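The values are calculated or read from the model by the stated rules, or taken from the named source; none is laboratory data. What you see is a predicted model, and the numbers here were worked out from it, not measured in a lab. Here the Cβ positions follow ideal geometry from the backbone for every residue, glycine too, while neighbour counts run over all protein chains shown. Heads up: the accessible areas ignore ligands, DNA and RNA and are worked out on the full protein's heavy atoms, side chains in. Shrake-Rupley method; radii C 1.70, N 1.55, O 1.52, S 1.80 Å.
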Amino acid sequence: MKELQERIQKDGIAVNEDILKVDSFINHQVDPELMEHIGEEFANHFKEQGITKIATIESSGIAPALMTARSMGLPLIILKKQPSKVLNDHLFQTEVSSFTKGTSYELTLSSKFISEKDHVLIIDDFLANGEAATGAIRLIRKAHATVAGIGILIEKSFQPGHEKLVSQGFDVYPLVRIGHMQAGQIEFLES
């Protein structure tokens, strides 16, 4: 997606070979117009997949996933990184390792909002090693629902996540693919 790539070139900051900061338009501050265009792009790509729900992991994936859900006229399920202290029954849970933070967290999905009839599109901000997406897939499968595909804003193609997910038969659709990064430099791959 040319618009997203141009925005990364303009406002993204490659901290080192692994970390890309896009907080000025994706997570700490969100550009709603860009998110709307991202949602339309995902909706167009996945329109023939029989999707019934959109899912994302809190928190950076919420804006693009919400706009995708809006564009497709579907509900959005948010997978929480911490179990609720109030509503802690009827949850599907799995542990996920965070590449960015170097920690693990408990990912949860309420069983009230998903069933075996659902065909779910996962939307996430980054794909590096594929751990977050794999955790989301595990939760959706625990609910006996199916995964329709995985929409990624920014794929770090030099890390193994894409191949890991594609080798399992998933339709992985990155809007931008990065082939290499180092401090102050980002090299993109053609999609």
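Taking only C-alpha pairs under 8 Å that are 6+ residues apart, what is the relative contact order of the range 129-184 in percent?
Computed value for the range 129-184: 39 percent relative contact order.
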Note: residue 90 to residue 74 extended length (0.36 nm per residue) minus current alpha-carbon separation gives 3.5 nm
Peptides 47-53, 107-113: what's the order by average Cβ count within 10 Å, highest mean first? 107-113, 47-53
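Per residue, how large is the accessible surface of the range 1-102? Use a 1.4 angstrom probe and give square angstrom. Spell out each step's value before the answer.
Working: 5790 Å² over 102 residues.
So the range 1-102 comes to 57 Å² accessible per residue, rounded to a whole number.
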CD proxy at 222 nm, helix term only [per DSSP H run n ≥ 4: -39500 (n - 2.57); per residue of the chain; nearest 500]: -8500 deg cm²/dmol
Given the C-alpha atoms of the chain, compute the convex hull and give its volume per residue in Å³. 111 Å³
Within the range 22-169: Cβ-based charge dipole about Cα centre, in debye rounded to nearest 20 (Lys, Arg +1; Asp, Glu -1): 560 debye
If Lys and Arg each add +1 and Asp and Glu each add -1, what is the summed charge of the other residues whose beta carbon sits under 12 Å from the beta carbon of residue 134? 0
Taking the chain as the reference, fit the longest principal axis to its C-alpha atoms, fit the long axis of helix 32-46 to the helix C-alpha atoms, and give the angle between the two in degrees, 0 to 90, nearest 10. 70 degrees
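Could you work out the relative contact order of the chain? I mean the mean sequence separation of Cα pairs under 8 Å and 6+ apart, divided by the number of residues, in percent.
Details: 386 pairs, mean separation 38.4, N = 191.
That works out to 20 percent.
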Of 108, 24, 37, farthest towards positive along the dipole that unit charges on Lys, Arg, Asp, Glu beta carbons give the chain: 108
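Arranged from highest to lowest average of other beta-carbon atoms within 10 Å per residue, in what order do the peptides 14-26, 134-146 appear? Write down the numbers at each step before the final one.
On the way: 14-26: 16.3, 134-146: 19.1.
By packing density, highest mean first, the sequence is 134-146, 14-26.
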In the chain the DSSP beta bridges are antiparallel at a rate, in percent to nearest 5, of 45 percent
So which of 10/47; 2/156; 142/164; 81/142; 53/164; 2/80 end up more than 26 Å apart, counting from Cα to Cα? 10/47; 2/80
